[in-house]
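The values are calculated or read from the model by the stated rules, or taken from the named source; none is laboratory data. Just so you know, these numbers come straight off a predicted model, no measurement behind them. Here Cβ is always computed from backbone atoms with ideal geometry, including for glycine, and neighbour counts include all displayed protein chains. Quick note on the areas: whole protein, heavy atoms, side chains included, nothing else; ligands and nucleic acids left out. Shrake-Rupley method; radii C 1.70, N 1.55, O 1.52, S 1.80 Å.
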Amino acid sequence: MAMNNRTFVIGADIGGTNTKISVVSENGEIIFKNQIPTDSRLGTARCVDRICQCVSKIIKKAEGAGISIKGIGLGVTGQVDIHSGTIVGGIKGKIPGWIGLPIGNLFRERFNLPVFVDNDGNVAALGEYIFGFKKSVNSIVALTIGTGVGSGIILDGKLFRGGGSNLSGELGHISINYLGPLCNCGNKGCLEAYVSKEAILDMFVKKMEKEASSNTIKPTNKKSSSVTPELIYKKHLEGERAATEVIYEVGRYIGYAMTVAVNTIGPQVIIIGGGIAAQFGEPIIKEIRTTVKSNAFGLAAQDVKIILTKFGPFAGVLGASTLAFNKYKGITGM
Ligand SMILES: [Zn+2]
């Protein structure tokens, strides 16, 4: 392999549940990859140590193949001070000790390499924009539906972090119902309070219980723990009404929030990714499209494309890698 004259970096996507680590070329090829549970219950020190060990291993593997690593890009859950690489905000208690963690410096101490850190929703948007669209559009919204709801915005060909604070662009916390359920962020009726994995599983269980009671059938002893997104999709294919309703409701809720995005930002493309999107696929995409087209203001929605990611779970590592390439500095702002 002619690896010598090309640049390679580490891209790591550190999520609330799993951490994905890859060696990525500047053209977006994933050369090596690994995934470990983030295991935040161990405490932030152990948790970061385990991730660093995994990064060390993959760097050794790359060096064994004649690849030298030039930098590290990290996408992390929470709000990030990109200058220091410190996590400064987010949902308290999501990972205990996470807010205030100087993760950039911890990696710099460990590896003698430049380290760049940004929010996981932002890096997913960068991955889609740089390696998915190859900059053929100039404004996108990328939404990641999984444990939580992440988002990133590319505006006029650059990552948009919000004015002033640089900490905005959190479309998962658009409230779609101010009387709705309490979100982990403290606001009521956020998109995340309706379509996070946990919220979707609860929605399904409640619908099944309601159906069982109206049929005077004894409710099945279903707890949230035995229900998975896979099971909901399987039941949908088998014709279970509650499952189909859940999938369409999820699409509708996302559609309401994306209507706000279309009215304010007017992206050319909205890309939906994350574990839930991968599982429910086209049915939710269709429902999002219908909801946005019928609710957006005037002609705002006529040109917007709403599509499923083609990167599966890897938009995040690809985007995290772009933080560390000089080539993409104009887009990432790093
Ligand atoms: Zn919220």
* Cβ-Cβ under 7 Å pairs, at least 6 apart or on other chains, the range 171-185 side among the aromatic types (Phe, Trp, Tyr), far side near the ligand (Cβ under 10 Å from one of its atoms) -> Tyr178/Lys188; Tyr178/Gly189
* **Conditions (1) open to solvent by 70 Å² or more (accessible area, probe 1.4 Å); (2) at pLDDT 95 or above; (3) of a type outside the set (A, V, I, L, M, F, W, C); number of the one not met by Ser214** => (2)
* To do: Run Gln268 past the list (1) under 17 Å from the mean Cα position of the chain (by Cα); (2) closer than 16 Å to Tyr129 by Cα and report the number of the one that doesn't hold.
  => (1)
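Matching residues to (1) in the same structural domain as Gly186 (by TED's automatic domain parsing); (2) more than 19 Å from the chain's Cα centre (by Cα):
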| site | (1), (2) |
| --- | --- |
| Gly71 | no, yes |
| Ile95 | no, no |
| Ile99 | no, no |
| Phe107 | no, yes |
| Val117 | no, no |
| Gly121 | no, no |
| Asn138 | yes, yes |
* Structure fact -> By residue number, the members of the range 152-191 that are at pLDDT 90 or above and among the hydroxyl-bearing types (Ser, Thr, Tyr) are Ser175, Tyr178
* Yes or no: Ala324 among the hydrophobic types (A, V, I, L, M, F, W, C), outside the structural domain of Leu159 (by TED's automatic domain parsing) and either surrounded by fewer than 21 Cβ atoms within 10 Å (Cβ to Cβ) or in a helix (DSSP H, G or I) (or both)? -> no
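Of all the strands (runs of 3 or more DSSP E) wholly in the range 95-212, which have at least 3 residues that are within 24 Å of Ile276 (Cβ to Cβ) and within 16 Å of the ligand (Cβ to nearest atom)? Can you show your working first?
Details: elements: 115-119, 140-145, 149-155, 158-160.
Of the strands (runs of 3 or more DSSP E) lying wholly inside the range 95-212, those with at least 3 residues that are within 24 Å of Ile276 (Cβ to Cβ) and within 16 Å of the ligand (Cβ to nearest atom) span 140-145, 149-155.
Test Leu231 against the stated conditions and say whether it is within 24 Å of the chain's Cα centre (by Cα) and surrounded by 18 or more Cβ atoms within 10 Å (Cβ to Cβ).
Against the criterion (within 24 Å of the chain's Cα centre (by Cα) and surrounded by 18 or more Cβ atoms within 10 Å (Cβ to Cβ)), Leu231 does not qualify.
For the range 105-142, how many residues are crowded, with 16+ Cβ neighbours inside 10 Å and not hydrophobic (A, V, I, L, M, F, W, C)? Before you say what the answer is, go through the steps one by one.
Looking only at the range 105-142, we keep the residues that are crowded, with 16+ Cβ neighbours inside 10 Å, and these are 106-107, 110-111, 113-132, 137, 139-142.
Pick out the ones that are also not hydrophobic (A, V, I, L, M, F, W, C) and you get 110, 114, 118-122, 127-129, 132, 139.
So the answer is 12.
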* **Single unsatisfied condition, His236 versus (1) in contact (Cβ under 8 Å) with a residue 40 or more places away in the chain; (2) open to solvent by 60 Å² or more (accessible area, probe 1.4 Å)** => (2)
